[in-house]
Each structure stands twice: as C-alpha cells, then as structure tokens.
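The values are calculated or read from the model by the stated rules, or taken from the named source; none is laboratory data. Computed from a prediction, not measured in an experiment: that's the story for all the values here. Here the Cβ positions follow ideal geometry from the backbone for every residue, glycine too, while neighbour counts run over all protein chains shown.
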C-alpha cells in the first residue's frame, strides 16, 4: 500500500511533526515551547518515529525553505500565517505529504468522507444497525461503520470500509453454494459456516473474532492458503501476516446490546471500543495504556464512563483542542 521510502503514519501525527518543524524555523523555541516539543515526542512512539523521519529528511525541508527555492514562498507564508489558520493548515498538509510520502497519502485517502458516504450501508456515531441479507445472513453494524455488499453469481462478498460488524452467515440457497468472504484493507476473511466479527483497528490491521464455526484469514500480501481461525479465538489480520490467536469471549459482543463489558481489558483497548460512540478523539497515554480494566459500561453515555475513569486513583482525564481544531479527550497518568 505504501511506496518505497514512504512512512505510514497517521495524517494528524505527520501534520504535528511538520508544525513543530515550522515553529523551529521561525526562531528559537522558548523554554516552554521546547518542553512542549519534548513532551509531544515522548507522548507516543509514533510521534518520535515521525520526528526521526523528519530529521532524516531535514535537508529536503531545508532546501524547500531556502531563499529562491520553489518552496521558499510557501514556507514563508506558512510561517507568517497565524497558527490554526486555513492558510497555515494547507501548507502544513502539503509539506507533510512531501515529507512522509505515499504512506500518508494512502492513509488520508482511506479517511476521506466519500468512502463512508458512498458505502452501501453505514452507521453514524453512537448508532447500531441490524439487517438481514437476501440469503438470510444477519449483520449487526457498530457505530461509525461503513460496509459494501456485493452478491454476484459466484460469490457473496462484503467489504468493510471502516468500523465493526458482526456476521452470522446463513446457508447459501443457491447451488452450488457460493463462498462468503469479508474483504478488508488488510486481506480476506472467508466464513466456514460461522458467526464472527471484524473490526478495523486505528493503528492498522483488522481484529477478527470467531464465536461459532471457523474463518480462514488470508493477508492481502500473502500467496499462501491462509490461516484457519477456530471458534473461541481472535487474531489480527494484517496485510502480510496473521497474529497469534488469543482467547475471545462472548461478552466481547455486548456492544450489540449497547454495553461494553471489560474483563481485564487494557485501557487502550477500552478507549478504542468507546471511540465509535464519541465525537471527540479518545487518546490513551502510553504510560497507562496497559492498565487492566473490568466492569460493565454503557456505550450511550461515554461522558459518564470517562468521569468514572477520571475518579480512579492514578488516572486523569483532560479535554484538549488541537491547533487544527480537533477535539480530544486524553486519559493519562495523574500527576
């Protein structure tokens, strides 16, 4: 999916890295700015990865900013434009694409609204949808999910654009029976008489959980026969591999009834499960990402769940607005 030399980082991380670089081109950072820059780099391994990549291509950026170069005027206009202005955001985005290459181009393309709007079936945030397909297969879509349905003479195919779906397959009334597959950006999941779920992961990959029967997982970049995942297990399907299967429990499907049931669930995974029900981006401090959580939480009241987390010893919940306007809720270690 990414070309040679491309670095696959989330677009918002690439933009932040370039914004920090621009600030340093404007002049020496104040002590407070310097500490904020160091804190940003240390807040997430992806931040440091992006900054190190930017440092490696520093000469390219410096050449763009050099007087008389083709990019000098753009960089100058960005430096003069107020932070958060549309002009500055536009230039930062352009520089991010130049520095991080096809990796960010592909990720940005994946996140374009038309991919969701053009899907056959989609749900809004905090919305769930149940539906029955022409062959009797039953689907439950989680919040913020987009799905395409393609039934042809020789194949029953779903395409998960984003989000999460629970699939309960039915016997194909057509003879000979057609295969049933779900395509994700990472590969194919072929149902072998089953009930299973798929969830697109923010960091890449698709989490596949099998509750009845089995599913064959075939990575997009693999020429092999695939890996058969049995009932009671989940695995992450990635473009070139399948992770080691882990035990999965029926309670992980509590979202279909509007609940999140956690049993020793890492805090980072808990926030990821809440994300389809929150308009703000939920961010987990790496220092507390592995904290194990247990309990039952209502998906319809994310604010209440966050308040519960804020009341726990050792945790703090903060609301932020990023310079490009994105609202975030950060769950971090209490100071």
Checked 329, 283, 305, 317 against criteria (outside the structural domain of residue 212 (by TED's automatic domain parsing), more than 19 Å from the chain's Cα centre (by Cα), touching a residue at least 40 places away in the same chain (Cβ under 8 Å) and not in a loop (DSSP other than H, G, I, E, B)); the one match is 305
Can you tell me which of 315, 320 is surrounded by 14 or more Cβ atoms within 10 Å (Cβ to Cβ) and either touching a strand residue (DSSP E or B) at 6+ places or on another chain (Cβ under 7 Å) or at pLDDT 95 or above (or both)? 315
Only one of 274, 260, 229 is modelled with pLDDT of 95 or more, surrounded by 12 or more Cβ atoms within 10 Å (Cβ to Cβ), touching a helix residue (DSSP H, G or I) at 6+ places or on another chain (Cβ under 8 Å) and part of a strand (DSSP E or B). Can you tell me which? 260
Any idea which of 235, 254 is within 30 Å of residue 190 (Cβ to Cβ) and part of a strand (DSSP E or B)? 235
Options 228, 208; residue that is over 20 Å from the mean Cα position of the chain (by Cα) and within 15 Å of residue 243 (Cβ to Cβ): 228
Identify, please: which residue in region 30-67 is modelled with pLDDT under 75 and either assigned by TED's automatic domain parsing to the domain that holds residue 202 or in a loop (DSSP other than H, G, I, E, B) (or both) and is, among those, farthest from residue 284 (Cα to Cα)? 67
Which condition does residue 137 not pass, out of (1) in contact with a helix residue (DSSP H, G or I) (Cβ under 8 Å, 6 or more places away or on another chain); (2) crowded, with 18+ Cβ neighbours inside 10 Å, if it passes all the others? (1)
Restricting attention to region 282-307, the residues that are surrounded by fewer than 15 Cβ atoms within 10 Å (Cβ to Cβ) and over 14 Å from residue 268 (Cβ atoms) number exactly 9
Considering only region 140-192, state which residues are within 18 Å of residue 122 (Cα to Cα) and in a loop (DSSP other than H, G, I, E, B). 142, 143, 144, 145, 163, 185
Taking region 99-124 as the search range and keeping residues that are surrounded by 15 or more Cβ atoms within 10 Å (Cβ to Cβ) and assigned to a loop (DSSP other than H, G, I, E, B), which one is modelled with the lowest pLDDT? 101
Quick check, is residue 204 in the same structural domain as residue 184 (by TED's automatic domain parsing), in contact with a strand residue (DSSP E or B) (Cβ under 8 Å, 6 or more places away or on another chain) and assigned to a loop (DSSP other than H, G, I, E, B)? no
Quick check on region 192-200. Is at least one of its residues closer than 16 Å to residue 147 by Cα, out of contact with any helix residue (DSSP H, G or I) (no Cβ under 9 Å at 6 or more places or on another chain), surrounded by fewer than 22 Cβ atoms within 10 Å (Cβ to Cβ) and at pLDDT below 95? yes
